[in-house]
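> This is the structure I want to talk about, given as structure tokens.
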There are 2 protein chains.
Amino acid sequence: MRIGELSRRSGVSVPTIKFYLREGLLPSGELTSPNQANYTDAHLRRLQLVRALIDLAHLPVARVRDVLESLDSDSLSLRGRIGAVHRAVTPAPQPAADDGARGAAEAQVREFIEKRGWAVEPDAPAIATLVETIAVLHSLGREDLADQLDTYADAAERFAEREVTAVASRPDPDQIAESVVIGTILGERLIAALRLLAHEHVSARLLDRPSAPSHRTETTE
Amino acid sequence: MRIGELSRRSGVSVPTIKFYLREGLLPSGELTSPNQANYTDAHLRRLQLVRALIDLAHLPVARVRDVLESLDSDSLSLRGRIGAVHRAVTPAPQPAADDGARGAAEAQVREFIEKRGWAVEPDAPAIATLVETIAVLHSLGREDLADQLDTYADAAERFAEREVTAVASRPDPDQIAESVVIGTILGERLIAALRLLAHEHVSARLLDRPSAPSHRTETTE
């Protein structure tokens, strides 16, 4: 297809496509004349992946280039290549806890991952996020939330089982990678929104009961 | 207690406490001499809530003031007051979808909430987030993720049941509010991190199987 059709089918403007070509995010088309090139469905899929990385994951162009290089690497297994995409869209942990609290949280997380038998790299950014969050919970006296790790992890395994199965059924590595980006980011947004709504629903039942703790007599709804 | 002890017990510096007093985020202490005031445990609890709203939820000072006013309102039930805190720490939806996609997503979300029998306000920000996210998923051809709403909602209900029960057991409205802020924000971070780790774990099993789709022969690990 010509660049105009690539633009129509992807919803990406021609100037933006040309920018991606110059920046090396999209391989050149096959030249059919000195100033006309032909693009394939592989270009379309790569373009959709680039949009997901830029629009959804908000990665800078240089980072997108790194991700695409990993994806195109022959020295990595499919899982290794997908893992690189997954890592790229994983938020970095926000250091917030003090060192003492972090040490205890690290031990708790290490033990937790071992107990669950999870095969994960020890330097996964999500582990660092988990450690920081648990350390902050401890420093705030909210051990109760940290104690619910297993409840959360049971659900996370169920989600992952379905999500990875759906993603792995895609026929092409670029489509798998795009699905990973979309699923990681938008799936997280879905889960967070549903949890907030469930809070509202459950609060309606639990907080307005006569046994709900309150210093005041509740007369209004 | 004097301001020095309030500072020690809360971990908030004296100048910051004085700033909160000036900004009306903390009620004045009882004056025991022209330049000395006495603070109570209620001040300590309010201070901890203010820190959670500022440090964890990153609310601006004016917004914190609004939240505290709702919390102190006599015209709202406990649930109404807690709801105001919950809303304040709920992220605003990010408009991303076009109007056509949004219309279809709105209908899907309305039907979904009705089917689940969730008692939630129709203007809850989390509903708008849900609508936007589903609209984007549809425009990206990822209906499969939108179809997993029930899986996510089942888990969200289980989380909320435990979380709201834990929060409601706190003896004081300010402590309940602080728990809501901490639980909403840090709980979400725990769930997201565990889901990423579960992805990694499940991928190790599913993506490296011989039946995993790939255009290449996998020889390296």
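> Of the residues that sit in the stretch A:77-108 and are closer than 27 Å to B:ALA57 by Cβ, of a type in the set (S, T, N, Q) and at the interface with chain B (Cβ under 10 Å from one of its Cβ atoms), which one is nearest to the chain's Cα centre (by Cα)?
Once the filter is applied, the top-ranked residue is A:THR90.
> Can you name the number of the only condition in (1) within 14 Å of another protein chain (Cβ to nearest Cβ); (2) assigned to a loop (DSSP other than H, G, I, E, B); (3) of a type in the set (A, V, I, L, M, F, W, C) that B:LEU71 fails?
(2)
> Out of the stretch A:1-49, which residues are more than 22 Å from A:PRO173 (Cα to Cα) and assigned to a loop (DSSP other than H, G, I, E, B)?
Result: A:ARG2, A:SER13, A:PRO34, A:ASN35.
> Follow-up. Return the residues of the stretch A:184-204 that are farther than 17 Å from B:ALA204 by Cα and within 16 Å of the chain's Cα centre (by Cα); say none if nothing qualifies.
Residues satisfying the conditions are A:ILE185, A:LEU186, A:GLY187, A:GLU188, A:ARG189, A:LEU190, A:ILE191, A:ALA192, A:ALA193.
Results for (1) free of Cβ contacts under 8 Å to residues at least 24 places away in the same chain; (2) among the aliphatic types (A, V, I, L, M), shown as yes or no for each residue.
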| residue | (1), (2) |
| --- | --- |
| B:LEU53 | no, yes |
| B:ARG63 | no, no |
| B:ASP74 | yes, no |
| B:ALA101 | no, yes |
| B:VAL109 | no, yes |
| B:ALA128 | no, yes |
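> Can I ask one more? What pairs come up if the first residue lies in the stretch B:195-208 and is more than 7 Å from every other protein chain (Cβ to nearest Cβ) and without any contact (Cβ under 8 Å) to a residue 40 or more places away in the chain, the second is surrounded by 23 or more Cβ atoms within 10 Å (Cβ to Cβ) and assigned to a helix (DSSP H, G or I), and their beta carbons are under 9 Å apart, counting only those six or more places apart or on different chains?
These pairs meet every condition: B:ARG205/A:VAL164.
> Kindly indicate the residue of the stretch A:30-76 that is small (Gly, Ala, Ser) and surrounded by 15 or more Cβ atoms within 10 Å (Cβ to Cβ) and also nearest to the chain's Cα centre (by Cα) among those meeting that condition.
This residue is A:ALA57.
> Continuing with this model, one more query. In the stretch A:109-126, what count of residues is obtained for those that are more than 7 Å from every other protein chain (Cβ to nearest Cβ), surrounded by 11 or more Cβ atoms within 10 Å (Cβ to Cβ) and either touching a His at 6+ places or on another chain (Cβ under 9 Å) or among the hydrophobic types (A, V, I, L, M, F, W, C) (or both)?
The qualifying residues number 4.
> If only one of B:ARG195, B:ARG170, B:ARG209 is among the basic types (Lys, Arg) and at pLDDT 85 or above, which one is it?
Just a single option satisfies the conditions, and that option is B:ARG195.
> Return the pairs, sorted by first residue and then second, in which the second residue is charged (D, E, K, R) and crowded, with 22+ Cβ neighbours inside 10 Å, the first residue lies in the stretch A:136-165 and is more than 29 Å from A:ASP98 (Cα to Cα) and assigned by TED's automatic domain parsing to the domain that holds A:GLN108, the beta carbons are less than 6 Å apart, and the residues are 6+ apart or on different chains.
Close Cβ pairs (under 6 Å, with a partner that is charged (D, E, K, R) and crowded, with 22+ Cβ neighbours inside 10 Å) amount to A:PHE159/B:ARG195.
> Still on this model: Looking at (1) over 24 Å from A:GLU157 (Cα atoms); (2) of a type outside the set (S, T, N, Q); (3) under 20 Å from the mean Cα position of the chain (by Cα), find the lone condition where B:PHE159 falls short.
Single failed check for B:PHE159: (1).
> Condition first: surrounded by fewer than 12 Cβ atoms within 10 Å (Cβ to Cβ), in a helix (DSSP H, G or I) and among the small types (Gly, Ala, Ser). Now tell me which residues in the stretch B:78-108 satisfy that.
If the condition is that a residue be surrounded by fewer than 12 Cβ atoms within 10 Å (Cβ to Cβ), in a helix (DSSP H, G or I) and among the small types (Gly, Ala, Ser), then B:GLY100, B:ALA107 are the ones that fit.
> From the list A:ALA57, A:ALA146, pick out the single residue that is of a type in the set (A, V, I, L, M) and closer than 20 Å to B:THR184 by Cα.
On the way: A:ALA57 fails: closer than 20 Å to B:THR184 by Cα.
Unique residue meeting the criteria: A:ALA146.
> Ok, one more. Just need a number here: residues in the stretch A:173-183 that are under 15 Å from A:LEU56 (Cβ atoms), in contact (Cβ under 8 Å) with a residue 40 or more places away in the chain and facing chain B (nearest Cβ under 7 Å).
The qualifying residues number 1.
The values are calculated or read from the model by the stated rules, or taken from the named source; none is laboratory data. Keep in mind that what you see is a predicted model, and the values were worked out from it rather than measured. Backbone-built Cβ (ideal geometry, glycine too); neighbour counts: all protein chains shown.
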